[in-house]
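Since the structure comes first, as structure tokens, the remarks are kept for the end.
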Amino acid sequence: MRYNLLILILLSVVLPCKAIEKEATQFNSVNSSHLFTIGSRSTWDSYLSPSSYKGTNLGYLYDQMKLSEAHKHISYQSLFRIDLSKMENKAGNGEMWSGFLTYRWGAHYRWQIDPSLQLLGGALMGGTIGGLYNIRNSNNPAQAKINLGLSLSGIALYKVRIGNYPIHFRYQINLPTVGFTFSPHYGQSYYEIFTLGNDKGVYLVSSPHNLFELENMFSAEIPFNCVTLRLGFSNTYLRSTIHQLETQINCNSFFIGFVKEGLFFSGKKRIKPAGYHSPVY
Amino acid sequence: MKAFRFNHLITLLVLVLSLCSCDKEDEFNNTPSGNMEALWQIIDEHYCFLDAKKINWDSVHTAFMPRVKNVTSQEALLHLMDEMLDILQDGHVNVAASFNIARYWEWFEAYPENFDEKIQKNYLKTDYYISGGIKYTILDDNIGYIYYSSFQDQTGEFNMDHILYRLALCRGIIVDIRNNGGGELTNVQNIAASFTDSKVLTGYVSHKTGKGHSDFSEPYAKYLYPRSSGTYNYYKQVVVLTNRNCYSAANEFVNTMMQLPNVTIMGDQTGGGSGFPFSSELPNGWTVRFSSSLSLSPEMKQIEYGINPDVRVSMTKEDEEKGLDTIIETARDSIHNHYLH
């Protein structure tokens, strides 16, 4: 009895190790980019003003992609973005600020069209929270923007060699489809919603019929001796008509940053591949 | 083949980016007529009292737009806008330029002031207390006197605790809000809640739901809630003093207080201003303020043009010459008489 128990314990230890060994033969690295964006933003929000505002946008974008260990045609992506803008009206005597935080996570299916071109299609969950702040307004100074839901996403990866430089071009488009959004009614104050508690109809389902969003990102990755630069252009566009309130926000930014590709180990499941030397593990 | 595909990708990219890079263009130009049209449209689509005040806003357009061609200066343009907006008879409607503010102040300028700060000093004297935005003292006949000049001045539960602790043994309290032009509605709740021990319906709010003059939401009930236990409340006689210069949040305070059984409103009619003002702007950057949603009494009646007091009292010349405030004196008598009957 004691002998059988010992074998059982041994098997329970050895079998998972075998499984890990089998999995460990293939390591999928993580590709992550830290990017700094600068560009222009134009905003028109009829709750705040009938005039459009334009100004400078500064931001940070983190983009991470990782191949699935379970399926070689699947990859995961995380996108995190912070944007801050200062804008002014055409007359130059009105100021508006905006701040947005975007996070999307999801998966893509990958098609290898030929050795140079891959096309990815999938979906991302997440959204944007933030708001607009018009300094001159008294009881309607701000408009919150909360758009959460599911986006369709497509990526094209193209690699080309120019001289000694293997350059990777990347184009991504995200199209939010259905989700939830927030909007006060036409002449409703935030005081009525949050202090008096009349929040009927302010949280509602969004789809392109009332809220159309589009994110485009085009970039090129250029490797140098010790760093891979990624530079490109990004456009985010939002147009909504909810409760007869209209919003149009357009942001065009150039970005530059660096790309890292590597293996990450952490937690109890960490795997140390052969030939890898860690200063800690 | 590769180049062909790559070209297709670039074409697609340019197409998508050009589709979404179009910015919204402003509807009106920064010209006298563009600014005037913009102002007319803001009121047409957003102002909440056009139907209630039976104003034919289209005829206003017909009357005023031809006059814009005679405008030759910024001041003349603001003057014309002022004239057009006066039709609304609303103190919440303004156009603010850098050199002047177009305004309608007839709701108090056309009436007796019924308040004299110099005479008020005879009651406050010099040793009065101040908590938050409230000045307070105990009068010689053991009546508490509170003066609150602006609902912009933050006054919270903590301030009311201190005030009512000191006035707890008074026979009654006079809450004087004469010349209070309004401010924040949260202060209305903070102060009024000290005088009730139960939830009270104080009125309704209704906001515009669209551009049409009669597009309004279902009225939404507003309540005054008693303060949490452990705080100082006052349930004896309270007299609220009013004049024509009580506007906006002060008007709402009177509407709230008059729903309480132990409260008497005394003085002159309030100035009104039941609209909740929003801001907008013209193409030249001038700020426009207008009433966007309205507040109704518990009987669902308009209080835009003011609230009548329970006891109408005006300051008399004779009393003023003696340094007496007729309205304060009548309020004192009213509190004392309450205990006699």
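For (1) at pLDDT 50 or above; (2) of a type in the set (A, V, I, L, M, F, W, C), each residue gets a yes or a no:
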{"site": "A:S12", "(1), (2)": "no, no"}
{"site": "A:P16", "(1), (2)": "no, no"}
{"site": "A:A24", "(1), (2)": "no, yes"}
{"site": "A:F36", "(1), (2)": "yes, yes"}
{"site": "A:S42", "(1), (2)": "yes, no"}
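Here is a yes/no grid of residues against (1) surrounded by fewer than 18 Cβ atoms within 10 Å (Cβ to Cβ); (2) facing chain B (nearest Cβ under 10 Å); (3) out of contact with any Ser or Thr (no Cβ under 8 Å at 6 or more places or on another chain); (4) not β-branched (V, I, T):
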{"site": "A:S151", "(1), (2), (3), (4)": "no, no, no, yes"}
{"site": "A:N164", "(1), (2), (3), (4)": "yes, no, yes, yes"}
{"site": "A:I167", "(1), (2), (3), (4)": "yes, no, yes, no"}
{"site": "A:G179", "(1), (2), (3), (4)": "no, no, no, yes"}
{"site": "A:Y186", "(1), (2), (3), (4)": "no, yes, no, yes"}
{"site": "A:L204", "(1), (2), (3), (4)": "yes, no, no, yes"}
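Might you check whether a residue that is at pLDDT below 95, farther than 26 Å from A:S189 by Cα and more than 21 Å from the chain's Cα centre (by Cα) occurs anywhere in region B:49-70? Yes, some residue in region B:49-70 is at pLDDT below 95, farther than 26 Å from A:S189 by Cα and more than 21 Å from the chain's Cα centre (by Cα).
Results for (1) surrounded by fewer than 19 Cβ atoms within 10 Å (Cβ to Cβ); (2) assigned to a strand (DSSP E or B); (3) hydroxyl-bearing (S, T, Y); (4) touching a strand residue (DSSP E or B) at 6+ places or on another chain (Cβ under 6 Å), shown as yes or no for each residue.
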| residue | (1), (2), (3), (4) |
| --- | --- |
| A:Y191 | yes, no, yes, no |
| A:E213 | no, yes, no, yes |
| A:S234 | no, yes, yes, yes |
| A:Y237 | no, yes, yes, yes |
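Among residues of region B:88-99 that are over 15 Å from B:F278 (Cβ atoms), those with a Cβ under 7 angstrom from a residue that is buried (at least 18 other Cβ atoms within 10 Å of the Cβ), sequence gap 6+ or separate chain, pair up as B:A97/B:L78; B:A97/B:W286.
Taking the criterion of being surrounded by fewer than 18 Cβ atoms within 10 Å (Cβ to Cβ) and away from chain B (no Cβ under 12 Å), the residues of region A:131-149 that qualify are A:G131, A:Y133, A:A144, A:I146, A:L148.
Count of region A:94-117 residues, restricted to those that are over 20 Å from A:Y47 (Cβ atoms), touching a Gly at 6+ places or on another chain (Cβ under 8 Å), of a type outside the set (G, A, S) and surrounded by 15 or more Cβ atoms within 10 Å (Cβ to Cβ), is 4. With respect to the conditions (1) free of Cβ contacts under 8 Å to residues at least 40 places away in the same chain; (2) within 12 Å of chain A (Cβ to nearest Cβ), B:K199 falls short on a single one, namely (2).
Listed by first and then second residue, the pairs linking a residue in region A:85-100 that is within 11 Å of chain B (Cβ to nearest Cβ) to a residue that is aliphatic (A, V, I, L, M) and in a loop (DSSP other than H, G, I, E, B), with Cβ atoms under 9 Å apart and 6 or more places separating them unless they lie on different chains, are A:A91/B:L282; A:G94/A:I135; A:E95/A:I135; A:M96/A:L48; A:M96/A:I135.
Of the residues in region B:87-96, at least one is modelled with pLDDT of 95 or more, within 30 Å of A:N250 (Cα to Cα) and within 14 Å of chain A (Cβ to nearest Cβ).
Before we move on, is B:S206 of a type in the set (S, T, N, Q), within 14 Å of another protein chain (Cβ to nearest Cβ) and either at positive phi or in a strand (DSSP E or B) (or both)? In short, yes.
Among the candidates A:I74, A:I82, single out the residue that is in contact (Cβ under 8 Å) with a residue 12 or more places away in the chain, more than 14 Å from chain B (Cβ to nearest Cβ), within 23 Å of A:F36 (Cα to Cα) and surrounded by fewer than 18 Cβ atoms within 10 Å (Cβ to Cβ).
Being in contact (Cβ under 8 Å) with a residue 12 or more places away in the chain, more than 14 Å from chain B (Cβ to nearest Cβ), within 23 Å of A:F36 (Cα to Cα) and surrounded by fewer than 18 Cβ atoms within 10 Å (Cβ to Cβ) holds for just one of A:I74, A:I82, which is A:I82.
In the set (1) part of a helix (DSSP H, G or I); (2) within 11 Å of chain A (Cβ to nearest Cβ); (3) modelled with pLDDT under 95, B:A38 fails one condition alone, (3). With respect to the conditions (1) touching a Lys or Arg at 6+ places or on another chain (Cβ under 7 Å); (2) without any contact (Cβ under 8 Å) to a residue 40 or more places away in the chain; (3) among the small types (G, A, S), A:S207 falls short on a single one, namely (1). Residues of region B:209-226 that are within 24 Å of B:L167 (Cα to Cα) and either buried (at least 20 other Cβ atoms within 10 Å of the Cβ) or within 14 Å of chain A (Cβ to nearest Cβ) (or both): B:L224, B:Y225. Meeting the requirement of 1 or more residues that are under 30 Å from B:E320 (Cβ atoms), the helices (runs of 4 or more DSSP H) wholly within region B:42-122 are B:106-109. Looking at region B:59-75, is at least one residue closer than 28 Å to B:A249 by Cβ and away from chain A (no Cβ under 14 Å)? Within region B:59-75, not a single residue is closer than 28 Å to B:A249 by Cβ and away from chain A (no Cβ under 14 Å). Screening A:G187 against (1) touching a residue at least 40 places away in the same chain (Cβ under 8 Å); (2) over 26 Å from the mean Cα position of the chain (by Cα) leaves a single unmet condition, (1).
The residues of region B:174-191 that are of a type in the set (A, V, I, L, M, F, W, C) and either outside any helix (DSSP H, G or I) or not assigned by TED's automatic domain parsing to the domain that holds B:Y235 (or both), listed by number, are B:I174, B:V175, B:I177.
The values are calculated or read from the model by the stated rules, or taken from the named source; none is laboratory data. Here the structure is a predicted model, which means the values were calculated and not measured. Positions of Cβ are backbone-derived with ideal geometry, glycine not excepted, and every protein chain shown enters the neighbour counts.
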